[in-house]
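The values are calculated or read from the model by the stated rules, or taken from the named source; none is laboratory data. Remember, predicted model here, so these are calculated numbers, not experimental data. Neighbour counts run over all protein chains shown; Cβ positions are idealised from the backbone, glycine included. Calculation scope for accessible area: heavy atoms of the full protein, side chains included, ligands and nucleic acids excluded. Shrake-Rupley method; radii C 1.70, N 1.55, O 1.52, S 1.80 Å.
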Amino acid sequence: MRQNRTKHQYRKGDYAAFLYIAPWIIGFLVFQAYPLAASFFYSFTDLSMLKSWDFIGLENFREIFTHDRIFVQSLKVTVLYVVVSVPLKLAFALLIAMLLNMKVRGIGAFKVLYYLPSILGGSVGISILWRFLFNRNGLINLMLGKLGITAVDWLGSPRNALFTISMLSVWQFGSSMVLFLAALKQIPRDLYEAAEVDGAGKVKMFFRITVPMITPIILFNIIMQMINAFQEFAAPFLITKGGPLKSTYLYGMMLYDNSFTYLKMGYSSALSWIMFVIIMALTALIFQSSEYWAFYQDGGN
């Protein structure tokens, strides 16, 4: 009798648990699983907002890889953006994390101030502000003029525009900085004290102790920031509209234009799945390479 009662109570507990997680399950199915499955199906169609659609198989992918020159240009620009912005962002985040790891009075206030750009950096207002700062007659060129330096065409030159857009991403280093700071605090002080006894300098301790001890966080930050960089859209859209000469026309803008300007939903679905495969392949490659440079406290790598 007691055993049956226990089973009955256990089943009621199960139902209660499913009730609690039901909002998450519904949200996942409606806003993630269904759109993912739908976009995969639509990538094999000529779905458009202006006409009825038909199943066309691999025609969208054939068109992308054989005839769409903008795809090649956009992919090149996006890869260059990732190569420039991600290493600079992580290097700057690590530098600031090491500074904030020092024992200084009022360091908590500095931590908050340094994290603010990550909260504000992706907003429309900050992107517009960035455009005014780096305009031909903006504040940056005004300051350079005061120093006797010739004004730089930050946003109007194909050579400078992508770098200027990348700097906005680098400015949003707060999330990576917080993770680096947490990792730095986990490094045992005994390692540094032993290295000082052996006569090691600051640079040697950085590369022989600090970097190896935080490689798991470096791995995590590389992957997350790479994924975010490949999906960048707001900054180039609001600041340069993809120009000049499509030098800042990132992949996210190409997806947006095909979806909402040309209304080619099937074609844009195929583009999104190509980007998904590229990101997954690069992530797998980074994970595979981490066996040789990422080290863990249990001795594994």
Among residues of the stretch 2-42, those that are at pLDDT below 80 and closer than 30 Å to Tyr267 by Cβ, counted: 0
Could you identify the single residue in Ile149, Ile140 that is of a type in the set (Val, Ile, Thr) and outside any helix (DSSP H, G or I)? Ile149
Let me spell it out: the conditions are (1) of a type outside the set (A, V, I, L, M); (2) surrounded by 16 or more Cβ atoms within 10 Å (Cβ to Cβ); (3) modelled with pLDDT under 95, and Thr78 meets all of them except one. Which number is the exception? (3)
Matching residues in the stretch 143-154 (open to solvent by less than 100 Å² (accessible area, probe 1.4 Å) and aliphatic (A, V, I, L, M)) number 4
Kindly indicate whether Ala97 is under 30 Å from Ser269 (Cβ atoms), at pLDDT below 95, open to solvent by less than 50 Å² (accessible area, probe 1.4 Å) and assigned to a helix (DSSP H, G or I). no
Only unsatisfied item for Ala270, checking (1) more than 30 Å from Gly57 (Cβ to Cβ); (2) more than 17 Å from the chain's Cα centre (by Cα); (3) among the hydrophobic types (A, V, I, L, M, F, W, C), is (1)
Do we have any residue at all in the stretch 48-58 that's open to solvent by less than 90 Å² (accessible area, probe 1.4 Å), assigned to a helix (DSSP H, G or I) and touching a residue at least 24 places away in the same chain (Cβ under 8 Å)? no
Taking helices (runs of 4 or more DSSP H) that do not extend beyond the stretch 162-233, which have at least 3 residues that are open to solvent by 50 Å² or more (accessible area, probe 1.4 Å), out of contact with any Gly (no Cβ under 9 Å at 6 or more places or on another chain) and more than 25 Å from Leu282 (Cβ to Cβ)? 189-197, 202-205
With the structure loaded, tell me whether Ile126 is open to solvent by less than 60 Å² (accessible area, probe 1.4 Å), in a helix (DSSP H, G or I), of a type in the set (A, V, I, L, M, F, W, C) and modelled with pLDDT under 85 or whether it fails that test. yes
Listed by first then second residue, the pairs whose first member lies in the stretch 271-297 and is without any contact (Cβ under 8 Å) to a residue 12 or more places away in the chain, whose partner is in a loop (DSSP other than H, G, I, E, B) and open to solvent by 50 Å² or more (accessible area, probe 1.4 Å), with beta carbons under 7 Å and at least 6 positions apart or on separate chains, are Glu291/Asn301
